[in-house]
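To start, the structure itself, in C-alpha cells.
The values are calculated or read from the model by the stated rules, or taken from the named source; none is laboratory data. What you are looking at is a predicted structure, and each value in this text was computed from that prediction instead of being measured. Cβ placement follows ideal geometry from the backbone for every residue including glycine, while neighbour counts extend to all protein chains displayed. For accessibility, only protein heavy atoms count, side chains too; no ligands or nucleic acids. Shrake-Rupley method; radii C 1.70, N 1.55, O 1.52, S 1.80 Å.
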Amino acid sequence: MCFAVLSNYMRLLVLFLLFNSMLVLPVLGEFKFTAIPDQDTARLQQRFGKIADYLSGKLGIEVKYIPVKDYAGSVQSFKNNEVQLAWFGGLSGVKARLAVPGSVAIAQGAEDPYFMSYFIANVSTGLSFAEEFPKGIKGRTFTFGSKGSTSGRLMPELFIRQSFSQTPRDVFSRVGFSGDHSKTLALVQSGSYEVGAMNFKVWKKEVDAGRVDPAKVQVIWRTPAYPDYNWTIRGDVDETYGEGFIKKVQQALIDLQDRAILDAFPRARFIPADNSMFKPVLDTAIEVGIIRN
Amino acid sequence: MLKTSLTFVGIAFIAVVLADLEVSTQHPWLEMGRMVEGVFTPELSVIWEFKASLLNTAIFALCGTFLGVILGIGLAFFFQFLPVRLFCAFIRAIHEIFWAFIFLPIVGLNSICGVLAIAIPYAGIFAKVYAEIIQESDQQPLEGIPKDTHRLSRFFYGVLPVIYADTKHYTAYRFECALRSSAILGFIGLPTLGYHLETFFKEGMYSEVAALLIVFYFLIASLKYWLKPRLVPVYVVLAFALLSREISLSWENVARFFTYEILPWPMRRQGIHDGTYTVSFVLIPVLEWVKAIWLDEAWEGIWKTIVLTQIVLVGTGLFSLFVFPFACRHFAGKVTNRIWHYLLIIVRTTPEYILAYIFLTLWGPSMLPAVWAILLHNGAILAFLSSNNADLVQLRIDAPFKRIDRYFYEILPRVYGQFLAFLFYRWEVMMRESAILGILGIYTLGFYIHSAISDDQIDKAMLLILFTAILNMGIDSISQVVRRRLKISTKLSIAS
Amino acid sequence: MDSDTPSCLFSLDKENISYQDTTILKNVTLEINQGEKVGLIGPSGAGKTTLLRTLYQRVSEQSAFVHQHYALVPQLSVFHNVYVGRLDRNTTSQNLINLVYPREQVRQEIFPILDSLGIKEKSFVRVGELSGGEMQRVAVARAIYRQESILLADEPVSSIDPHQAGAVLELINQVAETVVMSLHAVELALKYAERIIGLHNGEIQFDLSAEEVTPVILKELYQQS
C-alpha cells in the first residue's frame, strides 16, 4: 500500500474520531449517578442510559450515567462528588455513607433485605449440600468475588471466620479474588478453585441461562440472610437541586415499573430503605476488619 | 560476567523452589481454544462502538508524554543535584497504575487522573535519560561556543542540536510505552481501551477482546505514519483541547486528600468515632500502625515481589538468549528472520498486564501467569535488541559453520555485554511490573495496595506504595552498581 | 625580543604547563606582541596545541580561536555555526530568534565571509554533510566573524587543498592584527608567518623570523628523536 495515502487516511481517521468524540462530552451541572450490576458488566452505558432517561423525565433535570469499574471506583466517585447517586452493594454503601456525612440510603431492591450468598464447590471435592456450615472446605482452594463485594466477600468471610476462628488465608490452601460472581462460578466450575462464594441471584440467573453444569459444580451451603444492595444519595443534593430533591429521587426509584430498566440491575422492583437497615453490614465489616474501628 | 550471571541464575533457582508456580485450571486448553477462536473471529463492530476509549487512550498518552517531557526537561537541567536525582528516582519507581491509585482520590476518576498517572513517572524517566544523553553527547561543539554565552543560548546552539536526534528517538519510543500505559489504566477504571478489554476478558467475550487488541496493534504499528515531528504540536494542542472539556478539579477533594485522607488512621480514628472528623497527633499509635502494616502485609508483599522479580529477571535472560538467534541473520534464513521479527514485535507491543490476564485465565492463579507475562514482554524486547546487535556483527569468512559453534564462539561473546547491560537496565522495570501484577491476585505488593484501595484505606495504600518505591529505588541502585562493576553500558540501545 | 614595548600581548616566563595530562610544556619563556604573525611548527605531540590553548586562556576576551577539530555543531547549518562566533554579544532572545529566522543584518555580515572562503552556496547546508575541508573553512569563518584583533588558529588548513590553503591563511592575516597559528606544512608557515617558533617535546627549540629559518634548522627540529 502506498504509505502517503495511508498516512493521509490515518490523519483523516484521527480527525474524524476527534469530531465524533466532541458530540459525547459531558455538560456541567448534571445530576450524575453510577451503578455496577452484580453480573454481565459489558455495555453498561447502554443499559444504564435508560434509567438516566427515566430519571431525567421524572426529575426534570439532566441525568447522566457514569460508568465505573468496581466498588472502589464507585465509592471514590461518590466521595469526590463526581456522582451524587449510586447503586451500591451493602458494603460499598456503608463505606460511602461513612465517607460522606449526610448521605442516605433511599431505596433497595425488593430482594435486597433478605440477600444470601451461596458457597459452591467443584464436584471433584466430594462436598455436597448441607444446612449447616460446610467445615469440609478447610484446606481447599477458595475464591471470593470482588474484594469490595458484600455477597462475594464480606458475608462469606464473616461466616468463615466465625466457623473456624481463623482468617481465610489460614483456613484455605489458596485464597483468590475472582473479581465478580460470574467469574467465581466459572473458576469453580472449571476446577481452578475447589470452592467459592457468590451472590445467590447470579447463581440462579446462571442456572436459568444454562451455564451451570451440575455434574461439575454444586451449591454446598446457603448463608443466613442479610441486607445488601441499595441506592444511596448525597445529603447535599437538596441544597443543589432544591428542597425535597432526595424525596423526589426516592419516589422516582420506587415508582419505577419499566421491566427493561429493572432487569439491568436485576431487581423485581425498588422499595424504600434507610441507613439503619445496613447496621448489620457495618458491624460485620468492622468485625472482619474491612472497615477500621 | 559469567560469575555474576551464574549467581543470578542460582538466586532464581532458589526463587523457583520457593514460588507457587502451579497450574490450577483443569482444562486450560479449552479456554485457550475459545481464545484462539476469538482471535480468528474478531468482532470488529466494537471498534466503532468504543471509539471514544480508543481516542482517550491516544489523548492520555499524548498529553501524559507531553507533560512528562516538559517536566523531564526541567528536571534534567538540575540532574547534577542529588536531591533532584533522588526525586526523579522516586517518582519513576512508582508504576503508572499506582500513580493512578494516588490521583484517583485527588482528582477523581477522570482524564486528569490518567494524564498525570502517565506524566509523573515519565517525567522522572525523561529527566534521567535526557540527562544521560546530554552527559554522553559530543562535547566538542561546546568548545567552539564563546565563553560568556548565556546558558540558554549555549543550550540551544551547542547542546540541543547535538542531542536532538537521540532525544527524539527516545521520546517516540516512550510515547509508544505511554500508549501501553494508557491502555492498561483502563483496567482500573479509566475510560481507555483497557476498560472494555477487562470487561470482555471477564465475560469471556474473546472476539471483542481480539478486535480491541487489533486496533491497539494498529495504533502502534501505524505510529511511524502519523507521528511526524511536524504534526506533534497539532496533536498536542488538539489533545489538550479535548482533554480540557472533561476537566473538573475540585479543590475541596485535593485539600481533603492532603490534609485528611492520607493521614495515618490512628490520627483520624478519634475524630471519626465522635463525628467531629478532627485530627489528633498521636505518635505511638501511628508507629504501631506502621509496624502492623509492615508485619501483616508489606513484608510478605515485598518478599513475594522479590521472588517473582528474580525468577523473571533470569527467565527473561534465558528466553531472549534462546530466541534471538531465530531473528538473527547469522542463524536463520530471511523468511524465518522476518517471521520472528514480527512475532517479537507483537509480543513486546502487548502490555504485560494483558498477557498476565490471558495467562491467568488459562492457568489459574499462581505466580506462573505473572512470570510468563513479564518474561515474554521483556524477553521479546531483549531478543529483538540482541538480534539487531548480532546482525551488526560481520562474521569472518572462515567463521565456524556449525550454528551452535557460531553461537557460542562468535556471536554470543560479542553481544553478551550489551545484553546483560540491558537486562539489568530492565531489572527495575520488571520489579515494578511484579509489584503491579499483584492486582491480579498474586500476593505481591500490588495485591495489598489494591486491597487497601478497595477498602478505601488510602493512608495504608500510600504507605505501601512508599515501601514499593523504596524497594524499587534499591533495586535501581543495585542494578547500577552491577552494571558499573561489569563495565557494561546500554548506551547503544537505550531506545530500542 | 623587544620586551619593553607596551603592546606585548602574551608573556610566558619559564612556565611549565600541562593540558589534559598529555603534553607538558616545559620551561617555556615567550612573548608575543601586537601585530605579529606567528607560526608554530614542530612534529606531532610537540605541544603546539597546548601552547595555543594556553595563550587563548590568557586573552580569550580579545581573541578568536580556530579549533583543530573544528568544534562545530554538525546538526546546525553553516550559517548558524558561523553565527555562534558572536553568541555572547547578542541577547538570548536575539539568538533564539536567529535560530528560526535570521535577521537580514546578520545575513549581510556573514555571507561576505562565507563568500571569501568559497562556501557561500553552502550557507544553509548542515555542517555534518560537508567535507572535512569545508568544515574547516566554516571553523575559520566563525573565528573571523568574531572580529577580534587576535586570532589563534590550531592547524587551520590541515584539511584544505594546499593550493587553496594559501588563500585562507592570507585572509586570516588580513582580518586579524595579531595571528598565532600552528601549521603542519612548514612551507606555508614560512610563507604566511613572519615569526616562526619551533617546538619539540614541549620545549621551544628556536624562535626566529621566517627569513632566518634554514633547512638545516628545520631538519634538526623534525629529525631528532
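Annotation: of all residues in the stretch B:94-143 being within 14 Å of chain C (Cβ to nearest Cβ) and either of a type in the set (Gly, Ala, Ser) or not in a helix (DSSP H, G or I) (or both), the one that is farthest from B:VAL236 (Cα to Cα) is B:GLN139. Residues of the stretch C:204-221 that are surrounded by 15 or more Cβ atoms within 10 Å (Cβ to Cβ) and closer than 19 Å to C:VAL28 by Cα: C:ILE204, C:GLN205, C:PHE206, C:ASP207, C:LEU221. A count restricted to the stretch B:250-289 and to residues that are within 17 Å of B:LEU464 (Cβ to Cβ) and either open to solvent by less than 30 Å² (accessible area, probe 1.4 Å) or touching a helix residue (DSSP H, G or I) at 6+ places or on another chain (Cβ under 7 Å) (or both) stands at 9. Here A:VAL104, A:VAL83 are screened, and the one residue that is assigned by TED's automatic domain parsing to the domain that holds A:ALA252, surrounded by fewer than 23 Cβ atoms within 10 Å (Cβ to Cβ) and touching a strand residue (DSSP E or B) at 6+ places or on another chain (Cβ under 9 Å) is A:VAL104.
Only one of the listed residues (A:VAL123, A:VAL175, A:VAL94) is more than 15 Å from the chain's Cα centre (by Cα), open to solvent by less than 20 Å² (accessible area, probe 1.4 Å) and modelled with pLDDT of 90 or more. That residue is A:VAL175.
Can you pull out every residue in the stretch A:58-90 that is of a type in the set (A, V, I, L, M) and either within 13 Å of chain B (Cβ to nearest Cβ) or in a strand (DSSP E or B) (or both)?
Quick first cut of the stretch A:58-90, residues of a type in the set (A, V, I, L, M) only: A:59, A:61, A:63, A:66, A:68, A:72, A:75, A:83, A:85-86.
Correct list: A:VAL63, A:ILE66, A:VAL68, A:ALA72, A:VAL75, A:VAL83, A:LEU85, A:ALA86.
Name the one entry in C:GLN108, C:GLN75 that is away from every other protein chain (no Cβ under 14 Å) and either in contact (Cβ under 8 Å) with a residue 40 or more places away in the chain or assigned to a helix (DSSP H, G or I) (or both).
Details: C:GLN75 fails: away from every other protein chain (no Cβ under 14 Å).
Unique residue meeting the criteria: C:GLN108.
Please state which one of B:THR25, B:THR65 is open to solvent by less than 70 Å² (accessible area, probe 1.4 Å) and either within 11 Å of chain A (Cβ to nearest Cβ) or farther than 20 Å from B:LEU193 by Cβ (or both).
None of the other options fit; the residue is B:THR25.
From the list A:ALA260, A:ALA252, the one residue that fits, being open to solvent by 30 Å² or more (accessible area, probe 1.4 Å) and part of a helix (DSSP H, G or I), is A:ALA260.
Here A:GLN108 fulfils each of the conditions (1) within 14 Å of chain B (Cβ to nearest Cβ); (2) among the polar types (S, T, N, Q); (3) in contact with a Lys or Arg (Cβ under 9 Å, 6 or more places away or on another chain) apart from (1). I'd like to know if the stretch A:128-145 contains one or more residues that are within 20 Å of the chain's Cα centre (by Cα), of a type in the set (Ser, Thr, Tyr), in the same structural domain as A:SER192 (by TED's automatic domain parsing) and open to solvent by 10 Å² or more (accessible area, probe 1.4 Å). No, the stretch A:128-145 contains no residue that is within 20 Å of the chain's Cα centre (by Cα), of a type in the set (Ser, Thr, Tyr), in the same structural domain as A:SER192 (by TED's automatic domain parsing) and open to solvent by 10 Å² or more (accessible area, probe 1.4 Å).
Residue count for the stretch B:348-367 satisfying the condition of being in contact with a helix residue (DSSP H, G or I) (Cβ under 8 Å, 6 or more places away or on another chain), surrounded by fewer than 22 Cβ atoms within 10 Å (Cβ to Cβ) and within 14 Å of chain A (Cβ to nearest Cβ): 3. Filtered by the rule that a residue be part of a loop (DSSP other than H, G, I, E, B), in contact with a helix residue (DSSP H, G or I) (Cβ under 9 Å, 6 or more places away or on another chain) and away from chain B (no Cβ under 14 Å), the stretch A:154-181 gives a lone residue, A:GLN166.
Take the residues of the stretch B:434-450 that are open to solvent by 10 Å² or more (accessible area, probe 1.4 Å) and of a type outside the set (Val, Ile, Thr): which is nearest to B:ALA100 (Cα to Cα)? So, considering only residues that are open to solvent by 10 Å² or more (accessible area, probe 1.4 Å) and of a type outside the set (Val, Ile, Thr), the one nearest to B:ALA100 (Cα to Cα) is B:HIS450.
Of all residues in the stretch B:255-270, those that are under 19 Å from B:ILE102 (Cα atoms) have Cβ atoms under 6 Å from Cβ atoms of residues that are open to solvent by 20 Å² or more (accessible area, probe 1.4 Å) and of a type in the set (D, E, K, R), 6 or more apart or on another chain, in B:TRP265/A:ARG292. Screening B:PHE90, B:PHE60, B:PHE103 for residues that are open to solvent by 50 Å² or more (accessible area, probe 1.4 Å) and either over 18 Å from B:PHE216 (Cβ atoms) or assigned by TED's automatic domain parsing to the domain that holds B:PHE155 (or both) leaves exactly one candidate, B:PHE90.
What tally of residues in the stretch B:144-169 results from selecting those that are part of a helix (DSSP H, G or I), over 20 Å from B:PRO229 (Cα atoms) and within 7 Å of another protein chain (Cβ to nearest Cβ)? Qualifying residue count for the region: 3.
From the residues in the stretch B:218-276 that are among the charged types (D, E, K, R) and more than 10 Å from chain A (Cβ to nearest Cβ), which one is nearest to B:GLY114 (Cα to Cα)? Steps first, answer last, please.
Within the stretch B:218-276, the subset among the charged types (D, E, K, R) is B:224, B:228, B:230, B:245-246, B:252, B:256, B:261, B:268-269, B:274.
Among the residues that remain, those that are also more than 10 Å from chain A (Cβ to nearest Cβ) are: B:230, B:274.
Details: B:ARG230: 25, B:ASP274: 36 Å.
Filtering first and then ranking leaves B:ARG230.
Matching residues to (1) farther than 26 Å from C:SER131 by Cβ; (2) at pLDDT 90 or above; (3) surrounded by fewer than 22 Cβ atoms within 10 Å (Cβ to Cβ):
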position: C:TYR19; (1), (2), (3): yes, no, yes
position: C:THR54; (1), (2), (3): yes, no, yes
position: C:VAL73; (1), (2), (3): no, yes, no
position: C:THR91; (1), (2), (3): yes, yes, yes
